[in-house]
Structure formats: C-alpha cells, structure tokens
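See structure below.
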Amino acid sequence: MASKTVNPTRMELTRLKKKLVTAMRGHKLLKDKRDELMRQFLDLVRENKELREKVEKGIHSANKNFVLARASMSDQILNTALLAPKQEVTVEVSTKNIMSVDIPVMNWNTRTPDPNDIYSYGFAFTSADLDDAVKSLADILPDMLHLAECEKSCQLMAVEIEKTRRRVNALEHVVIPETQAGIKYITMKLDENERSTQIRLMKVKDMMLKEAHGY
Amino acid sequence: MYRIAVIGDKDSIYGFSALGLEVIDFDMEDNPSEKFKDLCNSNYAAIYVTEALAQNLEREINHFKEQIMPAIILIPGIKNNTGIGITNVKKSVEQAVGSDIIFND
C-alpha cells in the first residue's frame, strides 16, 4: 500500500525516519494523556453518579411536597407567595485545566446569609406543606449546584477522551505502521539498486578482461 | 457574575423561585427551541431542565454539550420522567471508555 506512493530516494528515507520518530513520541505522549484523563474521568463520573442519584431522590420527595402544597392552596395565593423571592443565588465561574481540558469551577453565593430567607412569604395564608417543600428543595440545592459542575466536567472530559483515543489509535494502527512499511520499502529498494550496480560493474569488468586478454 | 435558571412546566419548577433561582415557565411556549437558545447565550452558568421538556430540546441540548458554559442539567419534574438524566451519564461513560463500566453492577 505504502510502496505505491513512496519515492525510493535517500531524501525520502530521511524524511520518513524523522516522521516515525515524531509519531512515536506523539503516540507515547497522547497515550499518557489518555490514561491520566481516563483515571480522573472515572473518579469524577462515580461522583457524578452518586450526586445525581441523591439529587433525583431529593427532587422527587420535594415534588411530592409541592404537589400537596399546590393542592391545598389557590393559584393566586401561591403566586403571590412566590412572587418576590428574598433570596438570590449568583455564581462565580472560573476554569480549571485538567490535561488540557478546561472544566468549570463554580462558586455560588446567596444574596443574604440568612437560611430563613428562602421563605419569601408571610406564613398566614400559605399551607405548611409549602414550607416543607421549600425547605426540602433548599436542602438539596448545594448538591444540585455541585452536580452541575460535576456533570459538565464529565461531559467535557468524555469528549476529550474520545478525541484523544482516536488520535492514539490512528497513530498506533495507521501512521506508525505505514511509515515503517515505507522505510522498509525504501531501504530494500536502495539495497537492491546497490546490488544491481555492483553486479553490473562486475560483469563489465569480466567483459573488459575478456576483450583485453582473451580469458 | 452568572445566574442559574430552571426551566420546564410550571408545576415542576415553581418552588425553585423561593430559593433565588430564576424560574422560566415553558408551558405555553410556541417556539421552545428559540427561547432555549436565547437563554443559553445569556448570562447563565447552569440551566436546569425538566426531563419532560428536555425531550423536545434534545438537539439544542446536545449542541451546547461541548461548550464550557452553560451547564445544562436534567432534573426530574412531577410528570413524564424518562430517566434520561442518568442515561446521559451512562452515555458519557460509554463515549469515553467505549463500554459502560460504571452502571452495570
């Protein structure tokens, strides 16, 4: 396959040898990158799984409370109660570099430090189920934010691992074997040329000796 | 300074407004994908989407998967839960490793 395109010259041979060295080094580096990414990814994805199970369970139980709360209150009262929230969550996002993958690091702040500010209503007209529901949701909020960070990192790393794996495989199974085949082909061809030149010279020498001395 | 949004049907998400997250109701939306794209391009670090709504926005969600922001996280709502949130985690394991080695126990 490679022999069709490769030009059997010494210059080409030097070029291919250099290419092989680079490919080998790149392959080794990328393989190390893949292994390290994979190690970190597996830790992260285990954490992601646990967090997600926890958050989904928390939201399910909160939703039950919310359904109860909605059933025992009119829409108007509910809308008024939640119309003007006291609390506000803001997030500072910085990035962290893991093996050339930028993953987000989120630091979240609430506008007021008081944990009771999640109740944005007077307790006179709302049902106690709403308080429970809001409380149960507030309890899982830190986990939810952590989940956002963790899951996003997992997605980004998965994409990068896939790319790196493809590169490693392409180098290992295509580029390196082809270059090696090319080098082998050129070496053989050059050796063959050298041998045929040698033989031609010997033949010419024989012919000349025969002519001169009648051997 | 970024904010956090929760989108989906009203019944599933209205409680989040008490916590100070931004609640955006997609119940009556004619063109959810346009609105969702607008949201993604605004100032949100994370957008929580209910699983029921995520079914209609699959293409858009995948589009933002490789971008660092916003993080689009699926959460269960009160109805039509498909379990797609945990399936997506499985999928990313499959994408990275080649086969699912975390969830098959």
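The numbers here are math on the coordinates, done by the rules we state, and not lab data. The model shown is predicted, which means the values in this text are computed figures rather than measured ones. Reconstructed Cβ throughout: ideal geometry from the backbone, glycine too, with neighbour counts over all protein chains shown.
Determine the shielding of peptide A:161-172 by partner chains: average, over its residues, the number of Cβ atoms on other chains within 10 angstrom of each Cβ.
Working: counts 5, 6, 0, 1, 4, 0, 0, 0, 0, 0, 0, 0.
The per-residue average across the peptide is 1.
Which Cα, out of B:Gly20, A:Tyr119, A:Asn169, lies furthest along the positive dipole direction of the protein assembly as shown (beta carbon charges, K/R +1, D/E -1)?
A:Asn169
Which value, to two decimals, describes the C-alpha radius of gyration of segment B:3-97 once divided by 2.2 N^0.38 Å?
Details: Rg = 12.9 Å, N = 95, 2.2 N^0.38 = 12.4 Å.
Ratio of Cα Rg to 2.2 N^0.38 Å: 1.04.
When the Karplus curve 6.51 cos²θ - 1.76 cosθ + 1.60 is applied with θ = phi - 60°, which whole-Hz ³J(HN,Hα) does each residue of segment B:45-59 get, with x for Gly and Pro?
The phi angles translate into 7, 9, 10, 8, 10, 6, 4, 5, 6, 4, 4, 7, 10, 4, 5 Hz.
Just to compare against my own numbers: the Cα pair-distance distribution for segment A:2-208, 5 Å bins, whole % per bin, please.
1, 6, 9, 10, 9, 8, 7, 6, 6, 5, 5, 4, 4, 4, 3, 3, 2, 2, 1, 1, 1, 1, 0, 0, 0
Grab the DSSP H runs of chain A that are 4 residues or longer, score each as -39,500 (n - 2.57), total them, divide by all residues and round the 222 nm result to the nearest 500 deg cm²/dmol. Please report the intermediate quantities before stating the final value.
Numbers: 4 runs with 150 residues, N = 215.
Counting only the DSSP helices, I get -25500 deg cm²/dmol.
What is the average number of partner chain Cβ atoms found within 10 Å of a Cβ in A:91-101? Before the final figure, lay out each step's value.
Working: counts 9, 3, 8, 0, 2, 0, 0, 0, 0, 0, 1.
For this peptide, the per-residue mean of nearby foreign Cβ atoms is 2.
GNM, chain A, Cα, under 10 Å: largest mean-square fluctuation among A:Lys205, A:Lys184, A:Lys33?
Looking only at A:Lys205, A:Lys184, A:Lys33, the largest GNM fluctuation is found for A:Lys205.
Beta carbons within 10 angstrom, averaged per residue: use that to sort the peptides B:32-44, A:60-72, highest first. Please report the intermediate quantities before stating the final value.
On the way: B:32-44: 15.2, A:60-72: 17.8.
Final packing ranking: A:60-72, B:32-44.
Other chains' Cβ within 10 Å of B:49-60 residues: what's the mean? The partial results should precede the final answer.
On the way: counts 0, 1, 1, 0, 0, 0, 0, 0, 0, 0, 0, 0.
Across the residues of B:49-60, the mean count of other-chain Cβ atoms within 10 Å is 0.
For the residue pair A:Met24 and A:Asp206, what label-to-label distance in nm results when each label sits 7 Å from Cα along the Cα-to-beta-carbon direction?
Those two pseudo-labels are separated by 4.1 nm.
Test of understanding: what is the full-extension gain from A:Glu194 to A:Arg111, defined as 0.36 nm times their sequence separation minus their Cα-Cα distance? The partial results should precede the final answer.
Values: separation 83, 0.36 × 83 = 29.88 nm, distance 8.31 nm.
This chain segment gains 21.6 nm when fully extended.
Take A:Lys17, project a point 7 Å from its Cα along the Cβ direction, then tell me which residues of segment A:170-194 have their backbone nitrogen under 14 Å from it.
A:180, A:183-188, A:190-191, by backbone N distance to the label point.
In deg cm²/dmol, rounded to 500, what helix-only [θ] at 222 nm does chain B give when every DSSP H run of at least 4 residues adds -39500 (n - 2.57) and the total is split over its residues? Before the final figure, lay out each step's value.
Working: 6 runs with 41 residues, N = 105.
Calculated mean residue ellipticity at 222 nm is -9500 deg cm²/dmol.
Quickly work out the A:His213-to-A:Leu68 label distance, labels modelled 7 Å from Cα along the C-beta direction, and quote it in nm with one decimal.
About 11.9 nm, to one decimal.
Could you sort the peptides A:119-130, B:14-25 by per-residue average Cβ neighbour count (10 Å cutoff), highest mean leading?
Numbers: A:119-130: 15.5, B:14-25: 21.8.
Ranking, from highest mean packing down: B:14-25, A:119-130.
If you restrict to DSSP beta bridges whose two residues both lie in the protein assembly as shown, what percentage is antiparallel, to the nearest 5? Display every interim value, and only then the final one.
Details: 11 of 25 bridges.
The antiparallel fraction comes to roughly 45 percent.
Can you list residues whose amide H is under 5 Å from B:Ile73's amide H, if they're 5+ apart or on another chain and H is modeled 1.01 Å from N?
Residues meeting the criterion, in which the H sits 1.01 Å from N, are B:Ile47, B:Tyr48, B:Val49.
If the viscosity is 1.306 mPa s and the temperature 10 °C, what Stokes-Einstein diffusion coefficient in µm²/s follows for segment B:1-53 when Rh is the Kirkwood radius over Cα pairs? Please list the in-between numbers first.
Details: Rh = 11.2 Å.
Reported coefficient: 141 µm²/s.
Order A:15-21, A:107-113 from most to least packed using the mean count of other Cβ atoms within 10 Å.
On the way: A:15-21: 15.1, A:107-113: 13.0.
Top to bottom by mean Cβ count within 10 Å: A:15-21, A:107-113.
With charges set only on the Cβ (+1 for Lys and Arg, -1 for Asp and Glu), what does the dipole of the protein assembly as shown come to about its Cα centre, in debye to the nearest 20? Could you put the intermediate results ahead of the total?
Numbers: 44 positive and 47 negative charges, 594 e Å.
Its charge dipole is roughly 2860 debye.
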